[in-house]
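The values are calculated or read from the model by the stated rules, or taken from the named source; none is laboratory data. As the structure is a computational prediction, the values presented were derived from the model and not from experiment. Here the Cβ positions follow ideal geometry from the backbone for every residue, glycine too, while neighbour counts run over all protein chains shown.
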Amino acid sequence: MSEQSLVSDFKQAMQELAASVNVVTSRHDGSRNGLTATAVCSLSTEPAAMLVCIHKDVQALAEIRASGYFCINVLSADQQNVSDVFAGRSGARGEQRFLEAGDWSPSQSGAPMLDDALASVVCELKEMNQSGTHHICIGHVREVRLNQGASPLIYAQQQYGTLTDLPEAERAA
């Protein structure tokens, strides 16, 4: 298999990997920035830690590195617009994204928290390692805000969905 074919097949395979949709935000020197991310997971409970993978060319990476903090905002099923704006689909960049999508409050560290996110998890950056095209950012949890009750926004096969889209028998499995 050629390298080009492998990359193409890999990209198609990853479209089948359903993931929660998150907006990762940071603030440094009065400048807010953020991005949509699906490569997010919990890493440890002791200490409480999260992992997020961010493409090396994403502008928000500089604010995360400079501030030393980031916030993972877990989106609910009705927040597709927020995801689209922070994924760059509206053309907005930097501060303009926050004005177009949602209401925001600063965390104790200053990292923006989406007011009606299912959960907002503020992390202090502890490690940043580059692997291929992405940086792996590991952060220790410093603050959590919960707004439970809605269904999370899921992304797979190049489209949004929710857990409620699954038949009841499949959800129980």
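Looking for something in contact with a strand residue (DSSP E or B) (Cβ under 7 Å, 6 or more places away or on another chain), part of a loop (DSSP other than H, G, I, E, B), surrounded by 12 or more Cβ atoms within 10 Å (Cβ to Cβ) and modelled with pLDDT under 95 - is there at least one such residue anywhere in region 8-17?
Checked against the condition, which is being in contact with a strand residue (DSSP E or B) (Cβ under 7 Å, 6 or more places away or on another chain), part of a loop (DSSP other than H, G, I, E, B), surrounded by 12 or more Cβ atoms within 10 Å (Cβ to Cβ) and modelled with pLDDT under 95, region 8-17 yields no hits at all.
Being under 20 Å from LEU51 (Cβ atoms), aliphatic (A, V, I, L, M) and either in contact with a Lys or Arg (Cβ under 8 Å, 6 or more places away or on another chain) or surrounded by 14 or more Cβ atoms within 10 Å (Cβ to Cβ) (or both) is the requirement here; does VAL121 meet it?
Yes, satisfied.
Considering only residues that are outside any loop (DSSP other than H, G, I, E, B) and among the hydrophobic types (A, V, I, L, M, F, W, C), look in region 18-27 and name the one that is modelled with the lowest pLDDT. If you could, list the steps in order and put the result at the bottom.
Residues of region 18-27 outside any loop (DSSP other than H, G, I, E, B): 19-20, 22-27.
Checking the rest, the ones that are also among the hydrophobic types (A, V, I, L, M, F, W, C) come to 19, 23-24.
Numbers: ALA19: 87, VAL23: 98, VAL24: 98.
Only one residue tops the list, namely ALA19.
I'd like to check which strands (runs of 3 or more DSSP E) are fully inside region 81-173 and have at least 1 residues that are at negative phi and at pLDDT 95 or above.
So the answer is 104-106, 112-114, 119-131, 134-146, 153-156.
Quickly run through region 32-45 and pick out the residues that are among the polar types (S, T, N, Q) and exposed (fewer than 15 other Cβ atoms within 10 Å of the Cβ).
SER42, SER44, THR45
Among the numbered criteria (1) part of a strand (DSSP E or B); (2) touching a residue at least 12 places away in the same chain (Cβ under 8 Å), which one does CYS41 miss?
Single failed check for CYS41: (2).
Looking at region 84-131 only, could you name the residues that are of a type in the set (Val, Ile, Thr) and out of contact with any Cys (no Cβ under 9 Å at 6 or more places or on another chain)?
VAL85
Any residue at all in region 82-91 that's surrounded by 19 or more Cβ atoms within 10 Å (Cβ to Cβ), without any contact (Cβ under 8 Å) to a residue 40 or more places away in the chain and more than 20 Å from CYS137 (Cα to Cα)? Spell out how you get there, then give the answer.
Looking only at region 82-91, we keep the residues that are surrounded by 19 or more Cβ atoms within 10 Å (Cβ to Cβ), and these are 82-83, 85-86.
Filter once more, keeping what is without any contact (Cβ under 8 Å) to a residue 40 or more places away in the chain: 85.
Adding the requirement that they be more than 20 Å from CYS137 (Cα to Cα) leaves 85.
Yes, that holds for at least one residue.
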